[in-house]
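Taking it in order: structure first as structure tokens, then the write-up.
The values are calculated or read from the model by the stated rules, or taken from the named source; none is laboratory data. None of the values given here were measured: they were computed from a predicted structure. Cβ coordinates were reconstructed from backbone atoms using ideal geometry, including for glycine residues, and neighbour counts include every protein chain displayed.
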């Protein structure tokens, strides 16, 4: 039997956003008091549920309008061979609810007895292949990738006034504006050429750096490391002890969202009424000093749904907000959002990160390696490879070794989304046939699971980052309420 544990009160979106590593906090709970009895919340993702929990426990009635048919938003857990697999949010950060409030729900979930560790005789073994099929010196590749990662860490000091010596004293006395330019400068000062770096060739050196850059794109959600603001790089807060949610407790992140929903609907713990309406896509928010009027479209019968509330908390993705500011669709604000907020939305970056799980009947790789890395030197480029495939930096066994997991970011992710399942499966299989160390009798995949966050109109991407020209102050601006606390963006 699962026991209910009390949650820290109030658990609101600003705390949850901090826990999942936004650079700054967005105080979307400020100004909402029990005297204002009804708050509308757009979106039933993690931020929407957290906000609803905090408000309902204060005696405030909440209505959640969710465009989809489920809670969780960019948290999406599917079942693969009887095991949970997270196609969206994957990593649970922090060890306790004191560090990450979302983990308060996890205390009631049964832990994975095996810890979800890959069942392999090559635990921890990582093999590196050039994309012509030749196995390369993994120690050299790892050392170069580590040098790139160290340069990224040094760039974090810029936001706190600690500028690395290699970035000082430039001819124009200006720092590079993006992270990639700073990293390249740091690496160039340390390794004058490939020989100094211990690389067999300049092409190998570049490919090793590119491998780590592709990994960083998947971590940060950008299309290229040059998209990332150097000045804001150090504001990223990385909570320790990151573990796959599906390895940590049974049911993955989806179970955590279900626990949050159960808590929200538990009348014994919520003083305010809770109404959740699925399949309601909000199209327009009219806000004034008298309250807010929301117009939504029902996906069930295309009928129009109207709702009046004292206040509204908008938890849609930044991708949706960007499109809305640019074109008024899919979400229209009347009157338009003030210029400072519109400018902040435009400056911040938002990108797509996708995962592909290539399924096999048996884990043929388990006696070969636990993880595989791909180097893509230009002279080894295969013209038959689609461009998105060259954005893949490696793969690893996942979901109790039911399949191999590949990550893609930016245009690599969106280009992959445009392909059919068969095209994706065949392209990945061809890559593995020449770059895995397996025999020519590599078994055929039994299928795949993949995400498509970029093409989903409810999200239009995966997660945000501080782009060149933006700053953490833009996130602060998004969190400021508008119209005497009538409208909040979480």
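Quick grid of which residues meet (1) surrounded by fewer than 23 Cβ atoms within 10 Å (Cβ to Cβ); (2) in contact with a helix residue (DSSP H, G or I) (Cβ under 8 Å, 6 or more places away or on another chain); (3) in a helix (DSSP H, G or I):
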site: 346; (1), (2), (3): yes, yes, yes
site: 396; (1), (2), (3): yes, no, no
site: 404; (1), (2), (3): no, yes, no
site: 412; (1), (2), (3): no, yes, yes
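Do we find a residue being more than 27 Å from residue 145 (Cβ to Cβ) and within 21 Å of the chain's Cα centre (by Cα) anywhere in segment 372-394?
Going through segment 372-394, the residues more than 27 Å from residue 145 (Cβ to Cβ) turn out to be none.
The answer is no; no qualifying residue exists.
Of (1) in the same structural domain as residue 83 (by TED's automatic domain parsing); (2) touching a helix residue (DSSP H, G or I) at 6+ places or on another chain (Cβ under 7 Å), residue 265 satisfies all except one. Which?
Only one criterion in (1) in the same structural domain as residue 83 (by TED's automatic domain parsing); (2) touching a helix residue (DSSP H, G or I) at 6+ places or on another chain (Cβ under 7 Å) is unmet by residue 265, namely (2).
Which one of the conditions (1) at pLDDT 90 or above; (2) buried (at least 16 other Cβ atoms within 10 Å of the Cβ); (3) out of contact with any helix residue (DSSP H, G or I) (no Cβ under 8 Å at 6 or more places or on another chain) does residue 228 fail to meet, given that it meets all the rest?
(3)
Based on this model, can you work out whether residue 221 counts as on the phi > 0 side of the Ramachandran plot and modelled with pLDDT of 90 or more? Explain how you work it out, then say what you get.
On the way: on the phi > 0 side of the Ramachandran plot: yes; modelled with pLDDT of 90 or more: yes.
Answer is yes for this residue.
For segment 58-72, enumerate the residues that are crowded, with 23+ Cβ neighbours inside 10 Å and not in a loop (DSSP other than H, G, I, E, B).
Answer for segment 58-72, where residues must be crowded, with 23+ Cβ neighbours inside 10 Å and not in a loop (DSSP other than H, G, I, E, B): 62, 64, 65, 66, 72.
Of all residues in segment 232-254, which are part of a loop (DSSP other than H, G, I, E, B), surrounded by 16 or more Cβ atoms within 10 Å (Cβ to Cβ), more than 14 Å from the chain's Cα centre (by Cα) and at negative phi? Walk me through how you get there before you give the answer.
The initial filter retains those residues of segment 232-254 that are part of a loop (DSSP other than H, G, I, E, B), namely 232, 236-242, 250-251.
Now narrow it down to the ones that are surrounded by 16 or more Cβ atoms within 10 Å (Cβ to Cβ): 232, 236, 239, 251.
This time we only want the ones that are more than 14 Å from the chain's Cα centre (by Cα), so: 232, 239, 251.
Matches in segment 232-254: 232, 239.
Would you pick out the residues in segment 73-104 that are in a loop (DSSP other than H, G, I, E, B) and within 15 Å of residue 398 (Cα to Cα)?
Step one: filter segment 73-104 for residues in a loop (DSSP other than H, G, I, E, B), giving 73-76, 81-82, 87-90, 93-102.
Scanning segment 73-104 gives 81, 82, 87, 88, 89, 90.
Rundown of residues vs (1) touching a residue at least 24 places away in the same chain (Cβ under 8 Å); (2) in contact with a helix residue (DSSP H, G or I) (Cβ under 6 Å, 6 or more places away or on another chain); (3) buried (at least 18 other Cβ atoms within 10 Å of the Cβ); (4) closer than 28 Å to residue 138 by Cβ, yes/no style:
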position: 429; (1), (2), (3), (4): yes, no, no, yes
position: 447; (1), (2), (3), (4): yes, no, no, no
position: 450; (1), (2), (3), (4): yes, no, yes, yes
position: 472; (1), (2), (3), (4): yes, yes, yes, no
position: 478; (1), (2), (3), (4): yes, yes, yes, no
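Six or more apart or on different chains, Cβ atoms under 6 Å: show the pairs whose first residue is in segment 277-302 and under 17 Å from residue 321 (Cα atoms) and assigned by TED's automatic domain parsing to the domain that holds residue 331 and whose second is at pLDDT below 95 and part of a loop (DSSP other than H, G, I, E, B).
Qualifying pairs under 6 Å: 287/483; 287/486.
Do you know which of the residues in segment 194-218 that are surrounded by fewer than 19 Cβ atoms within 10 Å (Cβ to Cβ) and assigned to a loop (DSSP other than H, G, I, E, B) is modelled with the lowest pLDDT?
The qualifying residue modelled with the lowest pLDDT is 198.
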